[in-house]
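Chemist: Submitted below is the structure of interest, expressed as structure tokens.
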Amino acid sequence: MIVNIIHFILYIVINIIRLFKLTELYQPTYNPYKIPFVRSKTYARQSNDRLEKITSNIDLNDVSTYLDIGSQLGYFVFSINEINKSILSTGIEMNKTSYMYSVLIGILNKSINVSFINTELTSKISENIPSYDIISFLNVFHHIVHFQGFDEANIIMKDLYNKTNKYFIFETGQYNEKGCYWSNDLSFMGETPNQWLFDYLKSLGYSEVKLISKFNTHLNDEERSFFICIK
């Protein structure tokens, strides 16, 4: 009875967040039980297409730990864990409401081996996080470059290389996406950002860098490169 009341309260809180858009509904909400949430089909970007590329290129039975940086509503954290429940699946999210939302979704769905950390990624944090078999760093790099500078972003990328045991999954905003608040900060990519990103990831030390696919975003008509790097 008490558990049911708690779950009902969590359900109400989640719907309040969704109804009043207290955080960006950027990802789909992990919802294996088809719970009827407010604005249930509202999200800014598809994520299942990226998940399909991850699962078709990485054997998740061969990994035991996963970290998603910029986990937002936790879609990748929950989805990877759902495929292999033994994977310790962790998300790092700086937005407090998105972080809370993810935690509540985990409790509501009785998820196991899933956790979230509420912090901004800085070089001090990247230096101190443990190693993971898979790290995904999706559409965060360009924000770090804008707010913290390329030198700091570069240190973080080097730290993440050191903390990656097997696979590093990467996507970022690119210089060819004009008109965004961060666009000019990526001028170092030049007019061929795909090539710059490939060369940069190789320079970090990965034995293999694969351009798996390209995806549209909700911001413009340009496509972003989706990489899987092998340690």
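The values are calculated or read from the model by the stated rules, or taken from the named source; none is laboratory data. What you see is a predicted model; the values in this text were computed from it and never measured. For neighbour counting, all protein chains shown are included, and Cβ atoms are generated from backbone atoms with ideal geometry for every residue, glycine included.
Chemist: Can you find a residue that is under 25 Å from GLY74 (Cα atoms) and either among the small types (Gly, Ala, Ser) or assigned to a helix (DSSP H, G or I) (or both) anywhere in the range 163-184?
Modeler: yes
Chemist: Taking the condition of being free of Cβ contacts under 8 Å to residues at least 24 places away in the same chain, assigned to a helix (DSSP H, G or I) and either in contact with a strand residue (DSSP E or B) (Cβ under 9 Å, 6 or more places away or on another chain) or of a type in the set (Lys, Arg) (or both), how many residues in the range 201-216 meet it?
Modeler: So the first thing to find is which residues in the range 201-216 are free of Cβ contacts under 8 Å to residues at least 24 places away in the same chain, and the list is 202-203, 208-209, 211, 214, 216.
This time we only want the ones that are assigned to a helix (DSSP H, G or I), so: 202-203.
With the extra rule that they be either in contact with a strand residue (DSSP E or B) (Cβ under 9 Å, 6 or more places away or on another chain) or of a type in the set (Lys, Arg) (or both), the set shrinks to 202.
Residues flagged as free of Cβ contacts under 8 Å to residues at least 24 places away in the same chain, assigned to a helix (DSSP H, G or I) and either in contact with a strand residue (DSSP E or B) (Cβ under 9 Å, 6 or more places away or on another chain) or of a type in the set (Lys, Arg) (or both) within the range 201-216 amount to 1.
Chemist: Going by the conditions given, is THR90 more than 13 Å from the chain's Cα centre (by Cα) and either modelled with pLDDT of 95 or more or closer than 26 Å to PHE8 by Cα (or both)?
Modeler: no
Chemist: May I ask you to list the residues in the range 62-102 that are crowded, with 22+ Cβ neighbours inside 10 Å and among the polar types (S, T, N, Q)?
Modeler: Across the range 62-102, the qualifying residues are SER71, GLN72, ASN81, SER89, THR90, SER98, SER102.
Chemist: What about SER64, is it hydroxyl-bearing (Ser, Thr, Tyr) and touching a helix residue (DSSP H, G or I) at 6+ places or on another chain (Cβ under 9 Å)?
Modeler: Spelling it out, it is not the case that SER64 is hydroxyl-bearing (Ser, Thr, Tyr) and touching a helix residue (DSSP H, G or I) at 6+ places or on another chain (Cβ under 9 Å).
Chemist: Just need a number here: residues in the range 102-149 that are closer than 20 Å to TYR206 by Cα and of a type outside the set (Gly, Ala, Ser).
Modeler: The qualifying residues number 12.
Chemist: Just one of SER126, SER71 is farther than 20 Å from ILE155 by Cβ and among the polar types (S, T, N, Q); which is it?
Modeler: So the residue among SER126, SER71 that is farther than 20 Å from ILE155 by Cβ and among the polar types (S, T, N, Q) is SER71.
Chemist: Filter the range 114-154 down to the residues that are surrounded by fewer than 21 Cβ atoms within 10 Å (Cβ to Cβ) and among the aromatic types (Phe, Trp, Tyr) and list them by number.
Modeler: PHE147, PHE150
Chemist: In addition: Does GLU127 meet the test of being within 26 Å of PHE8 (Cβ to Cβ), modelled with pLDDT of 95 or more and not aliphatic (A, V, I, L, M)?
Modeler: Details: within 26 Å of PHE8 (Cβ to Cβ): no; modelled with pLDDT of 95 or more: yes; not aliphatic (A, V, I, L, M): yes.
So GLU127 does not fit the description; no.
Chemist: For the range 9-24, what are the residues that are more than 16 Å from LYS41 (Cα to Cα) and either modelled with pLDDT under 95 or touching a Leu at 6+ places or on another chain (Cβ under 8 Å) (or both)?
Modeler: Within the range 9-24, LEU10, TYR11, VAL13 meet the criteria.
Chemist: Under 8 Å between Cβ atoms, at least 6 apart or on separate chains: pull out the pairs that start in the range 32-44 with a residue that is surrounded by 11 or more Cβ atoms within 10 Å (Cβ to Cβ) and end on any residue that is assigned to a loop (DSSP other than H, G, I, E, B) and modelled with pLDDT under 85.
Modeler: Listed by first residue and then by second, the contacts come to ALA44/HIS218.
Chemist: What are the pairs, 6+ residues apart or on separate chains, where a residue within the range 217-231 that is of a type in the set (Phe, Trp, Tyr) and at pLDDT 95 or above has its Cβ under 7 Å from a residue that is surrounded by fewer than 19 Cβ atoms within 10 Å (Cβ to Cβ) and in a strand (DSSP E or B)?
Modeler: PHE226/ILE212; PHE226/SER213; PHE226/LYS214; PHE226/PHE215; PHE227/LYS210; PHE227/LEU211; PHE227/ILE212
Chemist: In addition: Name the single residue, out of those in the range 103-113 being in contact with a strand residue (DSSP E or B) (Cβ under 9 Å, 6 or more places away or on another chain) and within 19 Å of ILE6 (Cβ to Cβ), that is surrounded by the fewest Cβ atoms within 10 Å (Cβ to Cβ).
Modeler: Checked the range 103-113; the qualifying residue surrounded by the fewest Cβ atoms within 10 Å (Cβ to Cβ) is VAL103.
Chemist: Follow-up question, since we're still on this one. Give the residues of the range 161-171 that are surrounded by fewer than 23 Cβ atoms within 10 Å (Cβ to Cβ) and either within 16 Å of ILE92 (Cβ to Cβ) or among the hydrophobic types (A, V, I, L, M, F, W, C) (or both), sorted by residue number.
Modeler: Selection gives LYS163 alone.
Chemist: Considering every residue within the range 148-160, establish whether at least one is assigned to a loop (DSSP other than H, G, I, E, B), more than 13 Å from the chain's Cα centre (by Cα), β-branched (Val, Ile, Thr) and over 17 Å from PHE227 (Cα atoms). Walk me through it before giving the result.
Modeler: Here is the first cut: in the range 148-160, the ones assigned to a loop (DSSP other than H, G, I, E, B) are 149.
Restricting the remaining residues to those that are more than 13 Å from the chain's Cα centre (by Cα) gives 149.
Next, from what is left, pick out any that are β-branched (Val, Ile, Thr): none.
For the range 148-160, residues assigned to a loop (DSSP other than H, G, I, E, B), more than 13 Å from the chain's Cα centre (by Cα), β-branched (Val, Ile, Thr) and over 17 Å from PHE227 (Cα atoms): absent.
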